[in-house]
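Engineer: Here it is, the structure in full.
The values are calculated or read from the model by the stated rules, or taken from the named source; none is laboratory data. Nothing here was measured: the structure is a model prediction, and the numbers come from that model. Note that we place each Cβ from the backbone using ideal geometry, even for glycine, and neighbour counts take in every protein chain shown.
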Amino acid sequence: MRGRQNRVVDVAANVADIAEIAADSRVVASGVSDPRAGLSAAGEFEGYIAAADLDAFLRENLLVESASPNIRLHVVADRPSEPVGLGLVIGDLVDWSRPRESGRALELLKGIEWCC
């Protein structure tokens with residue numbers, strides 16, 4: 001799962017701007033922002049973005065790296081289609097290392113019907 005991204009960029013945004021940022025076609029929701037996670041994450045956004053789009057996305061949305069981020073971007077060569085695979089959502093939740101996200105990741109794993 002570590003190879004699912006080139007790197008992670010944690011940035012800060014005005015909470016009032018998060019809905020607009022999340023609606024940008026250059027990002028696709030995952031982790032805490034994916035509806036399948038079932039988490040209330042109105043004050044933060046997590047998603048995937050293509051490396052080629054990152055600099056312009058950060059600049060246009062006035063996003064800067066922060067020790068107190070509310071946006072987590074998984075930078076990849078090519079943005080995945082929407083919705084991202086459930087495995088990515090689960091991996092992203094686990095990466096937070098917070099009880100709420102880890103618990104939800106376990107619930108999602110238990111809900112998978114394994115074949116053969």
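Engineer: Looking at (1) in contact with a strand residue (DSSP E or B) (Cβ under 8 Å, 6 or more places away or on another chain); (2) surrounded by fewer than 20 Cβ atoms within 10 Å (Cβ to Cβ); (3) assigned to a helix (DSSP H, G or I), which is the only condition D55 fails?
Structural biologist: (1)
Engineer: Still on this structure, I have one more. Could you grab me the full set of residues in region 62-79 that are touching a residue at least 60 places away in the same chain (Cβ under 8 Å) and β-branched (V, I, T)?
Structural biologist: I71, V75, V76
Engineer: Show the residue pairs meeting these rules: Cβ distance below 8 Å; 6+ apart or different chains; first residue within region 80-101 and surrounded by fewer than 17 Cβ atoms within 10 Å (Cβ to Cβ); second residue among the basic types (K, R).
Structural biologist: P83/R36; L86/R36
Engineer: Related question: Can you give me the number of residues within region 1-37 that are aliphatic (A, V, I, L, M) and either surrounded by fewer than 12 Cβ atoms within 10 Å (Cβ to Cβ) or assigned to a helix (DSSP H, G or I) (or both)? Give the derivation first.
Structural biologist: First, the residues of region 1-37 that are aliphatic (A, V, I, L, M): 1, 8-9, 11-13, 15-16, 18-19, 21-23, 27-29, 32, 37.
Going one step further and asking which of them are either surrounded by fewer than 12 Cβ atoms within 10 Å (Cβ to Cβ) or assigned to a helix (DSSP H, G or I) (or both), we end up with 1, 15-16, 18-19, 21-23, 32, 37.
Final tally of qualifying residues: 10.
Engineer: Here's a follow-up. Whether any residue in region 46-58 is under 12 Å from the mean Cα position of the chain (by Cα), among the β-branched types (V, I, T), modelled with pLDDT of 95 or more and within 26 Å of G111 (Cα to Cα) is what I want to check. Outline the logic, then answer.
Structural biologist: In the first step, residues of region 46-58 are kept if they are under 12 Å from the mean Cα position of the chain (by Cα); the result is 46-49.
Of the ones still in play, those that are also among the β-branched types (V, I, T) are 49.
Cutting the leftovers down to modelled with pLDDT of 95 or more gives us 49.
Subset that is within 26 Å of G111 (Cα to Cα): none.
No, region 46-58 contains no residue that is under 12 Å from the mean Cα position of the chain (by Cα), among the β-branched types (V, I, T), modelled with pLDDT of 95 or more and within 26 Å of G111 (Cα to Cα).
Engineer: Follow-up. When you look at A42, is it in a helix (DSSP H, G or I), surrounded by fewer than 15 Cβ atoms within 10 Å (Cβ to Cβ) and either in contact with a strand residue (DSSP E or B) (Cβ under 9 Å, 6 or more places away or on another chain) or of a type in the set (G, A, S) (or both), yes or no?
Structural biologist: Here the answer is no, as A42 does not meet what is asked.
Engineer: Name the residues in region 16-34 that are within 12 Å of E46 (Cα to Cα), in contact (Cβ under 8 Å) with a residue 40 or more places away in the chain and not hydrophobic (A, V, I, L, M, F, W, C), would you?
Structural biologist: S30, G31, D34
Engineer: Residues of region 58-116 being in a helix (DSSP H, G or I), within 18 Å of V9 (Cα to Cα) and of a type in the set (V, I, T), which ones?
Structural biologist: Within region 58-116, V89, V94 qualify.
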